[in-house]
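J.: Got a structure for you, written out below as C-alpha cells; questions coming shortly.
The values are calculated or read from the model by the stated rules, or taken from the named source; none is laboratory data. Being a predicted model, the structure only gives us computed values, none of them experimental. Note: ideal-geometry Cβ built from the backbone for every residue, glycine included; neighbour counts use all protein chains shown. These accessible areas exclude ligands, DNA and RNA; they are computed on the full protein's heavy atoms, side chains included. Shrake-Rupley method; radii C 1.70, N 1.55, O 1.52, S 1.80 Å.
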Amino acid sequence: MTERDVWRAISAQIGPGDRTAAEAGVRSAYRSAGLREPERIVWAGSPLTAVRMLSDGSLEDRGGSVREALRSGPWAAERARVHAELGSRAFSEHWQSTGADLWELTRTVVERIRDGVIEAQEPAQRTQIRLLLLDAVLGQHDAAWLCAFDTAAGSPLAGLAAAAREAGWWWPYENVAVLSERPTELHRDEAGRLDRGDGPALAYTDGFALHAWRGMSVSAEFLDSLRSLTPERIREEENAELRRVMLEYYGYDRYLDESGAKPIHRDETGVLWRIELDGDEDVVMVEVVNSTPEPDGTHRTYWLRVPPTTQTAREGVAWTFGLGADTYEPVQQT
C-alpha cells in the first residue's frame, strides 16, 4: 500500500480512534512548534459540539489560538523545503502524485461540515462560529498535505500526523486543545460525493449529521419523503434541484412509464423520450434494448440520458460514444 493509499484510508476512517495516541500527537505538535503543552485536552463528539463548547463560555481560560505556529507555520516551512529541493516543475508533479486527488476528495467533505456547523447556529451567532472554524486543524481531513510531506518521527509534522491518524478536527489554544471524534458514518457515491438515500451521509456520535444526495445537501425530511414519491409530486416540486433528485431516486424510466409520457422519436437504435420540466432544462432519454440476450433469454432495456438538444434516438446513442449521428455506424449493438 502506498503512502497515498494509507492517507486516503485515514481520511475516510470512521469510528473512535485511539485517544491516547491522538493526545500524544497533539502534545508533540505543541512541542515541535516551540510551545508549552496544553494544560488540558478536551474531547467533543463532533466539530459542532466543539465550536459550541468554545462559544458558550465554558472554556474561557483557553488562551489565544496557536494554529498559526502549530500548523500553518510548520506546513509552510516543509512546503518551502520540498519546493527548494525539487524545483517548481518537480514539486508540481510531486503534489499531483501525492495529495492532489486526495484533496479533491476531502475538500467537499470539509466544506459540507463547515456549512453544516454554521447552519446549525442561530443567525446572530454565525459570524462568531465562522471565526472559530478558522482556528481548526482538520485532523484526518488534512490527509492530503500530510501525504505530500515528511511526517516520520522527528519531522516538524510528526505530531500533526499522529493526531490526524486518530482524531477528527481539533482546536489548539495556549492552554486548552479541543479534539473532536471522527465520524461514525460516511457514505459517498462513485464520484466521491456525499450520498445516501436512506439516512445521513455523514454522522457523528453526538447526533450531528449531514444528509446529501449525489453531493447535494438535503434535509432528513426530504429524504424521508422520497419513499412515497409519485409522478404528480415530482411535477409539483418547484425547486429544480430537488426535482432532479426526485427523478434520480424515482428512476427516469419509471417516471416515463407512470407519467404517461410519449416518445418523440424512434429508429433502429432506440426510442427518444423527453420530460419537460418547468424552470429547468428538459430531461431527454434514449431507450435502447441490448441485442445480446440475458442468460434467461430476455433482452435488457437501458435508459441513457442525453443532452436536451437531442432530436433523434440515433443522435442520442451516438452522443454516448462521443460521435455524431452521421458517423455512428455500430457493427453490433450491445
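J.: Taking the stretch 114-125 on its own, how many of its residues are surrounded by 14 or more Cβ atoms within 10 Å (Cβ to Cβ) and over 20 Å from the mean Cα position of the chain (by Cα)?
T.: Here the count works out to 2.
One line per residue, one yes/no per condition, for (1) buried (at least 21 other Cβ atoms within 10 Å of the Cβ); (2) assigned to a loop (DSSP other than H, G, I, E, B):
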site: 163; (1), (2): yes, no
site: 168; (1), (2): yes, yes
site: 205; (1), (2): no, yes
site: 217; (1), (2): no, no
site: 235; (1), (2): no, no
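J.: Pull out all pairs, ordered by first then second residue, where Cβ-Cβ is under 8 Å, the residues are six or more apart or on different chains, the first lies in the stretch 211-227 and is at positive phi, and the second is assigned to a strand (DSSP E or B).
T.: Final answer for the pair search is 215/194.
One line per residue, one yes/no per condition, for (1) more than 19 Å from residue 113 (Cα to Cα); (2) crowded, with 17+ Cβ neighbours inside 10 Å; (3) modelled with pLDDT of 95 or more:
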position	(1), (2), (3)
1	yes, no, no
16	no, no, yes
20	yes, no, yes
24	yes, no, yes
31	yes, no, yes
36	yes, no, yes
40	yes, no, yes
47	no, yes, yes
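J.: I'm trying to understand the selection: among the residues of the stretch 134-148, which are part of a loop (DSSP other than H, G, I, E, B) and either surrounded by 23 or more Cβ atoms within 10 Å (Cβ to Cβ) or among the aliphatic types (A, V, I, L, M) (or both)?
T.: 134, 136, 138
J.: Restricting to the stretch 266-303, give me the number of residues that are at pLDDT below 85, under 23 Å from residue 231 (Cβ atoms) and either open to solvent by 50 Å² or more (accessible area, probe 1.4 Å) or among the small types (Gly, Ala, Ser) (or both).
T.: 7
J.: Which of the residues spanning the stretch 77-113 are among the basic types (Lys, Arg) and buried (at least 18 other Cβ atoms within 10 Å of the Cβ)?
T.: The one that is among the basic types (Lys, Arg) and buried (at least 18 other Cβ atoms within 10 Å of the Cβ): 112.
J.: Which ones in the stretch 170-191 are over 18 Å from residue 53 (Cα atoms), crowded, with 17+ Cβ neighbours inside 10 Å and either in contact with a helix residue (DSSP H, G or I) (Cβ under 7 Å, 6 or more places away or on another chain) or at pLDDT below 95 (or both)?
T.: Listed by number, the list holds a single entry, 188.
J.: Looking at (1) open to solvent by less than 10 Å² (accessible area, probe 1.4 Å); (2) in contact (Cβ under 8 Å) with a residue 24 or more places away in the chain, find the lone condition where residue 201 falls short.
T.: (2)
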